[in-house]
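Student: Can you keep this structure in mind? I'll have questions shortly.
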Amino acid sequence: MIRITFPDGRVQEYPHGVTAMEVAKSISEGLARNVLSAKVNGEVIDAQRPITTDSTLQLLTWNDKEGKATYWHSSAHLMAEALEALYPGTRFGIGPAIENGFYYDIDPGDHTLTAQDLVQIETKMIELAKKNSEYRRQEISKDEAIRYFTEKNDPYKIELLQDLKDGDITFYTQGEFTDLCKGPHIPNTGHIKAVKLLNIAGAYWRGDETRPQLTRIYGITFPKQKELEEYLHLLEEAKKRDHRKLGQELELFMFSEKVGSGLPIWLPKGTALRQRLEDFLKAEQIKRGYTPVITPHIGHKALYETSGHWEKYGQDSFQPIHTPREGEEFMLKPMNCPHHCEIFGHKPRSYRDLPLRIAEFGTVYRYEQSGELHGLTRVRSFTQDDAHIFCTPDQVKDEFLNVLDLTMMVIRKLGFETFTAQISLRDPENKSKYLGSDENWAKAEQAIIDATKEVGLPTTTELGEAAFYGPKLDFMVKDALGRSWQLGTIQVDYNLPERFQLEYIGADNSKHRPVMIHRAPFGSMERFIGVLTEHCAGKFPLWLTPDQFAILTVSDRFQSLAETVLQTLQQAGLRGFIDDRTESIGKKIRDNELRKIPYMLILGEKEAESGQLSVRRQGEGDQGSMTIPDFVQLIQSQI
RNA sequence: GCCAGAUUAGCUCAGUUGGCAGAGCAGCUGAUUCGUAAUCAGCAGGUCGCGGGUUCAAGUCCCGUGUCUGGCUCCA
């Protein structure tokens, strides 16, 4: 007998070799029907695998994250079975579960798969799923496995096998399809009831752009048709929040083929919004001891040779601008740091001057790969809410904490409740990629880890994600479609001060090297506004939104009244406009609802007599009437 | 940069087998002066992304290219 410990702490004895499925059945048949896999001693395994030692056991169903992952991974195998049936000779790469669904990377050979083929594959998957085929696990020797895939002519699987140890290799088979796989899988294909293949894309084999490009098919499956429909509805809703769509509808920004791709053009409403955001941060920075500066948009190539950026990114940048005089080369600035280093270095600095916090909303230009451009979130010209803090090594941690506080304040003020913070450290396997000494790197990495711990900020740590000059802390939020974007960033840099030979005179009357902290709470105005637009679905916070109210006249007899009201509200510091088109009131309401104007003030006979305002809230409807001062008060109370 | 798809009026989109370029919304003009999500009528709006080719004839077929979309790679 072995002892099984359940998540609630209950312990029960079962025969040696019992499976999770048998345990589930002993509890209830209903539970057993829903079990997809099991977590045994922390490891997720097939529900049908025998348990041979005293263990903790958690039965995994659709309601568990790991249960879903098992389900979707098995769905990837089902899709592979369908592909093999429909397109014999297809070769397979890898097919994992992802956050929402799964994908499989395949090499379809001469055949090119297109989106039109997906429906046919879905139909085949459903047909195969209905056979209730079991997912059968089989341990196999490396030689035998290689023989199988050699016969099948699948070089990708053979390559995967090369990296595996003999004795660790398992195959899974369902129906007619056998795959190299460590598992686990769901009991049988019958659990898969609803299938949607979402899109098709190219993906480099093993993520390496020098290797062949495979076809990646993304899909998602559900145990119930209704759940699939709900998910697809959710996707539709998310698309409505896309900042590229809302940006066009709300006339925030545009792109022009003639101006160039990746170069956003800010329209009046977008500019109003953006400037308000900038003003908010500028005011906050003044309070916190930052000094604003302004620097040019270009700089000598030599500046970037000094900074090291030319060596690192020169080939992939906008190429130098040549002047009429021979031999002069200027770069569009890809970042503001070198200019700010020159500011620090332009006169002798004392330790009494530190920390020196230099801030600039600096527009930079980076030649991003054409395929990577995406709305406002990945562009070729953008404005960083940049600042560089020059301080003594002893001040690093306090300054880091201050910046952390500012960044979290900014993110929360804009209504992002769920964000994650990622500490990016250097790849210990590949230290030559980075500039700067081992000792400095270790110090900087420790400063970040300590500071985030001190404020209790939950973080994830990624090795190899650091910038080439130093470790960093990035704040990440998700867009409407669940794609993660980096917003604010804080980076410790021991390298640039070295390269620019920056110095200050210490209390000991000798020269010392300052430490530099790069930081941008928004990250870039473009990306931040893009992500913010999706986050609030175009309904910006009242303090930020371009227009807070619209005055809708019931007929043009009320035009002069509308103008008086507008003036009064503007004098009270509110922003709005009169919709005086000769349209019906219903039409004006509809249009301004769609433009997401937070408040609509309807002005007609009734208001002319009472002197009050009829107030309508966007998305909520009629709020009844109130006096002008009450309305001003209402808006101010929400800012 | 790579793979796949898209590209027609300001916007959203039709356009059959290659045979005169279409609709709705927006715009303009006129009528209507209206009470909480679309008043009515008329008018105007196009080098079908761009450049080649095939053809008696190309929005439609072929080649090249720009831009966009979904991913991959990249992201100072």
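Student: Simple spin-label model, 7 Å along Cα-to-Cβ: A:Lys152 to A:Thr627 in nm?
Tutor: Rounded to a tenth, the inter-label distance reads 8.0 nm.
Student: Take the alpha-carbon positions of the range A:519-639, form their convex hull, and give its projected area averaged over all directions (one quarter of the hull surface) in nm². All intermediate terms of the calculation are to be shown ahead of the outcome.
Tutor: Details: hull surface 32.9 nm².
So the Cα hull casts an average projection of 8.2 nm².
Student: Taking H as built 1.01 Å from N, whose amide H comes closer than 5 Å to the amide H of A:Gln623, not counting residues under 5 places away?
Tutor: When sequence neighbours closer than 5 places are left aside, the close amide H contacts are A:Val615, A:Arg616, A:Arg617.
Student: Taking a 1.4 Å probe, which of A:Lys472, A:Lys606 shows the most accessible area, and what order do the others take after it?
Tutor: Numbers: A:Lys472 35, A:Lys606 145 Å².
Descending accessible area places them as A:Lys606, A:Lys472.
Student: Right, next: If you wrap chain A's Cα atoms in a convex hull and average its projection over all directions, what's the area in nm²? Write down the numbers at each step before the final one.
Tutor: Details: hull surface 156.6 nm².
Mean projected area for chain A: 39.1 nm², to one decimal.
Student: Pull up all non-local amide H partners of A:Ala194: gap of 5 or more, or a different chain, and H-to-H distance under 5 Å with H placed in the peptide plane.
Tutor: Placed amide hydrogens put A:Phe222, A:Lys224 under 5 Å from A:Ala194.
Student: Classify the range A:2-61 from the C-alpha gyration tensor, please: rounded if a/c falls under 1.5, else prolate or oblate depending on whether a/b exceeds b/c. Provide the component values of the computation, followed by the final result.
Tutor: Numbers: a/c = 1.34, a/b = 1.26, b/c = 1.06.
It is rounded, given that a/c, with a ≥ b ≥ c, falls under 1.5.
Student: Could I ask something else about it? Can you compute the helix-only [θ] at 222 nm over chain A? Use -39500 (n - 2.57) per DSSP H run of at least 4 residues, normalise by all residues, nearest 500 deg cm²/dmol. The partial results should precede the final answer.
Tutor: Working: 20 runs with 222 residues, N = 639.
Rounded to the nearest 500, the figure is -10500 deg cm²/dmol.
Student: As an exercise, use a Förster radius of 51 Å and the Cβ-Cβ distance of A:Glu605 and A:Ile286 to find the FRET efficiency, rounded to the nearest 0.05.
Tutor: Numbers: r = 49 Å, r/R0 = 0.96.
It comes to 0.55.
Student: Rounded to the nearest 10 Å², what accessible area does A:Lys25 have for a 1.4 Å probe in the complete protein model?
Tutor: Only protein atoms counted, so the area is about 110 Å².
Student: So, taking all protein chains as they sit and a 1.4 Å probe, how much accessible area belongs to A:Cys536, in Å² rounded to tens?
Tutor: My reading of the accessible area for A:Cys536 is about 20 Å².
Student: Also, I was wondering about something else. Based on Cβ point charges of +1 for Lys and Arg and -1 for Asp and Glu, what charge dipole magnitude is obtained for chain A about its Cα centre, in debye rounded to the nearest 20? Provide the component values of the computation, followed by the final result.
Tutor: Working: 78 positive and 93 negative charges, 173 e Å.
It works out to roughly 820 debye.
Student: Sticking with this structure for a sec: Would you mind working out the magnitude of the charge dipole of the range A:549-637 relative to its Cα centre, with +1 at each Lys and Arg C-beta and -1 at each Asp and Glu C-beta, to the nearest 20 Debye?
Tutor: Rounded to the nearest 20 debye, it is 300 debye.
Student: In Å and whole numbers, how far do the C-alpha atoms of the range A:128-241 stretch along each principal axis, longest first?
Tutor: Per principal axis, max minus min of the Cα coordinates gives 51, 39, 21 Å.
Student: Report the one residue of A:Leu113, A:Ala97, A:Met335 whose Cα lies farthest in the direction of the positive end of the charge dipole of chain A (charges on C-beta: Lys and Arg +1, Asp and Glu -1; origin at the Cα centre).
Tutor: Most positive-ward Cα: A:Met335.
Student: Contact order normalised by length for chain A, with contacts defined as Cα pairs under 8 Å and 6 or more residues apart; what percent is it?
Tutor: 9 percent
Student: Placing +1 on the Cβ of each Lys and Arg and -1 on the Cβ of each Asp and Glu in the range A:549-637, which of A:Leu561, A:Gly619, A:Leu634 has its Cα farthest towards the positive end of the resulting dipole?
Tutor: A:Gly619
Student: With every protein chain left in place, what is the accessible area of A:Arg10 in Å² (1.4 Å probe, nearest 10)?
Tutor: For A:Arg10, solvent-accessible area is about 110 Å².
Student: Follow-up. Using the charge dipole of the range A:124-203 (Lys, Arg: +1 at Cβ; Asp, Glu: -1 at Cβ; taken about the Cα centre), state which of A:Val195, A:Leu161, A:Gln138 has its Cα farthest towards the positive end.
Tutor: Farthest towards the positive pole: A:Val195.
Student: In what sequence, largest accessible area first, do A:Tyr290, A:Tyr351 appear using a 1.4 Å probe? The partial results should precede the final answer.
Tutor: On the way: A:Tyr290 20, A:Tyr351 80 Å².
Sorted by accessible area, descending: A:Tyr351, A:Tyr290.
Student: For the range A:68-238, what is the accessible area per residue in Å², given a 1.4 Å probe and the full set of protein chains? Before the final figure, lay out each step's value.
Tutor: Numbers: 8410 Å² over 171 residues.
Using a 1.4 Å probe on heavy atoms only, each residue of the range A:68-238 averages 49 Å².
Student: So which trypsin sites (Lys or Arg not before Pro) in the range A:170-231 are both in a DSSP loop and have at most 12 other Cβ atoms within 10 Å of their Cβ? Display every interim value, and only then the final one.
Tutor: On the way: sites: A:Lys182, A:Lys193, A:Lys196, A:Arg206, A:Arg216, A:Lys224, A:Lys226; in loops: A:Lys182, A:Lys193, A:Lys224.
Counting only loop positions with at most 12 other Cβ atoms within 10 Å, the trypsin sites (Lys or Arg not before Pro) in the range A:170-231 are A:Lys182, A:Lys224.
Student: In addition: Which cross-chain or sequence-distant (5 or more) residues have an amide H under 5 Å from the amide H of A:Ile169, H modelled 1.01 Å from N in plane?
Tutor: Those lying under 5 Å, H to H, from A:Ile169 are A:Ile140.
Student: Just to make sure I understand: if all protein chains stay in place, what is the order of A:Thr383, A:Thr306 by accessible area at 1.4 Å, largest first? Each step should come with its number before you reach the end.
Tutor: Numbers: A:Thr383 5, A:Thr306 55 Å².
The ranking, largest first, comes out as A:Thr306, A:Thr383.
Student: Separate question: With loop defined by DSSP as not H, G, I, E or B, and exposure as at most 14 other Cβ atoms within 10 Å, which is the longest segment of chain A clear of exposed GluC sites (Glu not before Pro)?
Tutor: Longest run free of exposed loop sites: A:430-582.
The values are calculated or read from the model by the stated rules, or taken from the named source; none is laboratory data. Quantities reported herein were computed from a predicted structural model and do not represent experimental measurements. Backbone-built Cβ (ideal geometry, glycine too); neighbour counts: all protein chains shown. These area figures cover heavy atoms from the full protein model, side chains too; ligands, DNA and RNA do not enter into them. Shrake-Rupley method; radii C 1.70, N 1.55, O 1.52, S 1.80 Å.
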